[in-house]
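A short write-up of the structure that comes next.
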Amino acid sequence: MDWLTEFPQLPGRDLRLLSRTIDQYYRSFSRAYGDDIEAFFRPLLDFLLWFETLLQQTPWFIVLAAIVAIVWFASRSLKITIGTAIALILIGVFGMWEDTMSTLSIIVVSTLLSIVIGLPIGILMSRSDKVQAAINPILDVMQTMPSFVYLIPIVMLLGIGLIPGLLVVVIYAMPPIIRLTNLGIRLVDKEVLEAANAFGSSNWQKLTQVQLPLSLPTIMAGINQTIMMALAMVVVASLIGVRGLGQPVLQAITNQYFTQGLLNGLAIVAIAIVFDRASQAYGRRLQRHREAAHG
Amino acid sequence: MAETAISVRNLYKIFGDDDRAMVEKVKAGMSKQELLAEHGHVLGLKDINIDMPAAGIQVVMGLSGSGKSTLIRHLNRLIEPSAGEIVVGSDNVLDMSAKQLREFRRHRISMVFQRFGLLPHKTVIDNVSYGLAVMGKTKDEQRTGALRWIERVGLSGYEENYPAQLSGGMQQRVGLARALATDADILLMDEAFSALDPLIRTDMQGILLDLQKELHKTIVFITHDLDEALRLGDRIAILRDGEIVQQGTGQEIVLKPADDYISSFVREVNRGRVIKVETVMDPVSDASPAQGIEVPEGTILEEAARQMSEADVVNAQVIRDGRPVGQITMRQVMAAIATPVLKDAMAA
Ligand SMILES: Nc1ncnc2c1ncn2[C@@H]1O[C@H](COP(=O)(O)OP(=O)(O)O)[C@@H](O)[C@H]1O
Ligand SMILES: [Mg+2]
């Protein structure tokens, strides 16, 4: 009557055999193709390194001025711009400038990568209910699977370093932009789309002239979420060798350096707030034409 | 009447997955209710036949849900029919490939929408030039074309505004300018003025009639408002539950409503604006001496009455091609405006 009190499970021997077999297959796969895959991602690594070096080698005041300028042109808000400048100065004063630049570069590159991959997937999903039904569960898994779990196959495949770190961040951060691109396009006003059809627009004309511009606010919300998730993932990715603000945090956990952990954590929060406010203000500016002139 | 620009033949539309099979059932006499209850399909249009006059305004009228939008969307194939034919000029719209259909929509048929259907992220001038941009015209051609029509609908000075900054009436002028800018011969208007305030609506009807005098387009105008139908329509088709219940000129429909449903519609109509002098006149006999003022054939009663009272006479002669063909008196005119049914006069 064992099976009443204990869940009837496979014998331990079988379980071990199962996982060993799968692991072996995967290991031989990664031995066979790991190098090719790494070579495939090589240009990405070069770009990431180039960008990181650029941010770190350029004199700090130029980088600071550039970031503040970008924030100003995106948001046109004095409050957000001054807040950004103060946050960056404090980060520098507390000795976190280099790490912050590393984190910034990986966030920028992984966000760009998420857009380049996620946008077309979102567009495809919006065009076909079948594609949507096939991709949605994958996105669910990507978003709910504990992030540490997919560190494992990626490390087995590519080892430790910047590229696997970048991949982990991208996989984790991409779902919102896919979902919201799909949603935004599906929510475009039917009558406007009908008008575009009635004037004989091609699919490409509809996409570029109507669907993408009208769903841009929703897509921007997706990009904003993607950036936030990428920032959250940078700390986890530092486990597999991604440089930046995550590493001091990791160090602080193992050595119980409370202040160091707190400061680096705050720096991540500060970057998150800057990205968030600047991208949202930009999104709102894109929306301005929707407001009525009087009222 | 004039030659036919658009001919709709035996058109059926049934909403549902198995629509073609359902057409047979409807042809065999199944009702809309049975079709929905037994097969879960919605009967949208049933056996529609209309010949729409070239260079004229064909109105399709009916209550909400009667299938007007469904019908007009078949003409440029925004909706695929379940059965039937749509012939424009000498082309069957249903035989067109996707590419031919795009060309057809770009050059030969354009459309104005009830809720305007403007692109909210584009300025007035970019909205008006949308059709030209889709055709692949150069920026210069787009600009010249758009400016001309913006001026023609009275929106000069608003070129750089966004739709949300304009009133409803102005937005629909943008919609009209956008449709006219492509130089298509056929203009589809789906309740184009229904979303506007009554005064603005009357305004827009005037603009449309003015434009039509010089452009002579083939216009298909959808409305649920009989007064609008009578003011604009050279011919009117009345739709109920997806079926045509009557077709004819405004006067024919007002004077000879085909059934109680249409009678109830036309009861409230201002007859003086619909009925024409030749309908109520007595034919001239050589004996009757010429009396009063002259009014041309086709004058509406209200206008004839106004002219007679201005000239302070109670008689008028109806003139066709410079010759008198009939006589009317103020009394006849007043009686015709007041009487609800004038079947006898029509029969005469
Ligand atoms: N895509 C659709 N699927 C099912 N029924 C539809 C669809 N489109 C319209 N209908 C039905 O067809 C009928 C006519 O609709 P419509 O042409 O929009 O009417 P109108 O424009 O005269 O108000 C309505 O009963 C409506 O519910
Ligand atoms: Mg409608």
Open item on the list: Being touching a residue at least 12 places away in the same chain (Cβ under 8 Å), away from chain B (no Cβ under 14 Å) and within 30 Å of residue A:160 (Cα to Cα) narrows it down to one residue among A:260, A:256, A:251; which is it?
Closed with: A:260
Task: Search result, residues across the range B:68-83 that are of a type outside the set (S, T, N, Q) and within 9 Å of ligand 2 (Cβ to nearest atom) - done: B:68, B:72
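So that you can scan it fast, the table gives a plain yes or no per residue for (1) surrounded by fewer than 23 Cβ atoms within 10 Å (Cβ to Cβ); (2) in contact with a helix residue (DSSP H, G or I) (Cβ under 7 Å, 6 or more places away or on another chain); (3) within 14 Å of another protein chain (Cβ to nearest Cβ); (4) of a type outside the set (Gly, Ala, Ser):
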position	(1), (2), (3), (4)
A:151	yes, yes, no, yes
A:156	yes, yes, no, yes
A:171	yes, yes, no, yes
A:174	no, yes, no, yes
A:193	yes, yes, yes, yes
A:210	no, yes, yes, yes
A:215	no, yes, yes, no
Open item on the list: Filter the range B:115-134 down to the residues that are more than 7 Å from chain A (Cβ to nearest Cβ) and not in a loop (DSSP other than H, G, I, E, B) and list them by number.
Closed with: B:124, B:125, B:126, B:127, B:128, B:132, B:133
Task: strands (runs of 3 or more DSSP E) contained in the range B:5-88 and holding at least 3 residues within 14 Å of chain A (Cβ to nearest Cβ), within 14 Å of ligand 1 (Cβ to nearest atom) and not small (Gly, Ala, Ser) - done: none
Task: Which numbered condition residue B:65 misses (of (1) away from ligand 2 (no atom under 16 Å from the Cβ); (2) modelled with pLDDT under 95) - done: (1)
Task: Of all residues in the range B:149-168 being surrounded by fewer than 18 Cβ atoms within 10 Å (Cβ to Cβ), away from chain A (no Cβ under 13 Å) and in contact (Cβ under 8 Å) with a residue 12 or more places away in the chain, the one that is farthest from residue B:217 (Cα to Cα) - done: B:159
TODO: Specify the residue that is nearest to ligand 1 (Cβ to nearest atom); the eligible residues are those in the range B:183-201 that are outside any loop (DSSP other than H, G, I, E, B) and surrounded by fewer than 16 Cβ atoms within 10 Å (Cβ to Cβ).
DONE: B:198
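The values are calculated or read from the model by the stated rules, or taken from the named source; none is laboratory data. Everything numeric here is computed off the predicted structure, so don't read it as measured data. Using ideal geometry, Cβ is built from the backbone for each residue, glycine included, and neighbour counts are taken over all protein chains shown.
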